[in-house]
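Notes follow once the structure below has been shown.
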Amino acid sequence: QVQLVESGGGLVQAGGSLRLSCAASSRAFSSYAVGWFRQAPGKEREFVAAIAWSGSNTRYTDSTKGRFTISRDNAKNTVYLQMNSLKPEDTAVYYCAAANKPLPVAKDEYEYWGQGTQVTVSS
């Protein structure tokens, strides 16, 4: 069982930056791929970025490529999402999730989920 806790959300102006963290309770976390998803009000939960267990491979959705960076520190059981040049359309609840698969994009392939952290970008 892997428990995930997100932190780092908040209110920021357009063009600003935030860094989200996803901390895991289990050392097994280091063997899981981790993804970030987001869900805006009235919309489906969508994929944002993912990182392989080793950190050697990453994947991003087109709307965040070049602005967001996913990274991990397995010694700290933590994955990060650095978000720069934020836009109002990035406003959502952000979730991290863990999967025992190479680098999944589909949310159904993730086994463990955190509770989410709110990110609000004002114009």
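The values are calculated or read from the model by the stated rules, or taken from the named source; none is laboratory data. Here the structure is a predicted model, which means the values were calculated and not measured. Here Cβ is always computed from backbone atoms with ideal geometry, including for glycine, and neighbour counts include all displayed protein chains. Only protein heavy atoms, including side chains, enter the accessible area calculation; ligands, DNA and RNA are left aside. Shrake-Rupley method; radii C 1.70, N 1.55, O 1.52, S 1.80 Å.
Here are some notes:
- Extents of the chain, taken as max minus min of Cα coordinates on every principal axis and listed largest first, are 40, 27, 24 Å.
- Note on the chain: antiparallel DSSP beta bridges, both residues inside, total approximately 90 percent of the bridges counted.
- Stretchable slack from S17 to N84, in nm (0.36 nm times residue separation minus alpha-carbon distance): 23.7 nm
- Carbon/sulfur fraction of accessible area - the stretch 1-47, other protein chains in place, 1.4 Å, %: 45 percent
- For the stretch 1-43, relative contact order (Cα pairs under 8 Å, six or more residues apart, normalised by length) works out to 39 percent.
- If you take all other residues with their beta carbon under 14 Å from the beta carbon of S7, and give Lys and Arg +1 and Asp and Glu -1, the sum is +1.
- Under-5 Å amide H pairs with S63, H placed in peptide plane, nonlocal only: none
- Long-range lysine pairs (8 or more apart or interchain), the chain, Cα under 20 Å: 4
- Distance between the stretch 86-123 and the stretch 1-35 - C-alpha centres, whole angstrom: 9 Å
- The chain: most fluctuating residue of A50, A75, A40 per GNM, C-alpha cutoff 10 Å: A75
- Rg/Rg_globular for the stretch 59-123, with Rg_globular taken as 2.2 N^0.38 Å and Rg from C-alpha atoms: 1.19
- Normalised by the number of residues in the chain, the average gap of Cα pairs under 8 Å and 6 or more apart makes the relative contact order 36 percent.
- Sorting the segments 81-88, 51-58 by their residues' average number of neighbouring beta-carbon atoms within 10 angstrom, most packed first, yields 81-88, 51-58.
- The chain, accessible area per residue, ligands and nucleic acids excluded (1.4 Å, Å²): 51 Å²
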